[in-house]
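Reading through the C-alpha cells given below for one structure.
Each reported figure results from applying straightforward, stated rules to the coordinates on display, with no laboratory input. What you see is a predicted model, and the numbers here were worked out from it, not measured in a lab. For neighbour counting, all protein chains shown are included, and Cβ atoms are generated from backbone atoms with ideal geometry for every residue, glycine included.
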Amino acid sequence: MILNLKKNYFILIFTILFLYFFFNLLDGERGLISYFEKKNILKDLNNKKINLINKTNNLEVKNSLLTENLDLDYIEILIREKFLFGKKGEKIYLIKNNEN
C-alpha cells in the first residue's frame with residue numbers, strides 16, 4: 001500500500017489540489033455560484049434604479065406644471081381626478097384597477 005502511494009505520489013497530490021481548487025471555484029463568497037447570484041442582484045438593482053429615475057422625472061414634470069407658470073389644463077385634470085368634478089351634461093366614467 002505504501003509502495004503504491006510512493007509511486008502515485010504526484011497523482012495523489014495533483015488530485016487533492018484539483019479537488020481543492022474545484023470546490024473553491026464553485027463555493028464560497030467569491031465562487032462561481034455566488035458570482036451568478038450577485039450578477040442577478042445587480043440586474044435587479046439596475047432595474048429598480050431605472051424605475052426610480054423614471055418616477056422622479058415624472059414627479060419633476062408634474063411639479064414644474066404646478067410652479068410659477070400654472071398649466072390650467074393640468075390643474076383641471078387634477079380637479080377632475082381627485083374631486084370627480086364635471087360640467088353639466090358631461091358623463092364621467094370611473095375605471096377601477098383591481099389590485100390585490
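Anything over 28 Å Cα to Cα? Flag those among Lys38/Lys96; Lys39/Lys62; Lys49/Lys91; Lys62/Lys87, in the order listed.
Details: Lys38/Lys96 39 Å; Lys39/Lys62 35 Å; Lys49/Lys91 40 Å; Lys62/Lys87 24 Å.
Pairs exceeding the cut-off: Lys38/Lys96; Lys39/Lys62; Lys49/Lys91.
Once fully extended, how much extra length lies between Leu25 and Asn63, figured as 0.36 nm per residue of separation less the alpha-carbon to alpha-carbon distance? Working shown, then result.
On the way: separation 38, 0.36 × 38 = 13.68 nm, distance 5.16 nm.
Length difference between fully extended and current span is 8.5 nm.
For the range 2-69, would you read off the P(r) tail past 13 Å as a percentage of all alpha carbon pairs? Numbers along the way, then the final one.
Working: 1749 of 2278 pairs.
Summing the P(r) tail past 13 Å for the range 2-69 gives 77 percent.
As a check on your grasp of the helix formula, calculate [θ] at 222 nm for the chain: sum -39500 (n - 2.57) over DSSP H runs of n ≥ 4, divide by the residue count, round to the nearest 500.
Numbers: 4 runs with 70 residues, N = 100.
Helices in the chain give a 222 nm mean residue ellipticity of -23500 deg cm²/dmol.
Choose one answer from Leu59, Leu12, Leu25: the residue with the largest mean-square fluctuation in a GNM of the chain with alpha-carbon springs under 10 Å.
Leu12
Compute the FRET efficiency between Asn40 and Leu17 as 1/(1 + (r/R0)^6), taking r as their Cβ-Cβ distance and R0 = 30 Å, and round to the nearest 0.05.
Numbers: r = 31 Å, r/R0 = 1.04.
For R0 = 30 Å, the calculated efficiency reads 0.45.
Positive end of the charge dipole of the range 2-69 (Lys, Arg +1 and Asp, Glu -1 on Cβ, about the Cα centre): tell me which of Phe36, Leu52, Asn24 has its Cα farthest that way.
It is Asn24.
Take the chain, connect every pair of alpha-carbon atoms lying under 10 Å apart with a spring to form a Gaussian network, then pick out the residue of Leu19, Leu45, Leu32 with the largest mean-square fluctuation.
Maximum among the listed residues: Leu19.
If I build a Gaussian network model for the chain, linking alpha-carbon pairs within less than 10 angstrom, which residue out of Ile53, Ile75, Ile11 has the largest mean-square fluctuation?
Looking only at Ile53, Ile75, Ile11, the largest GNM fluctuation is found for Ile11.
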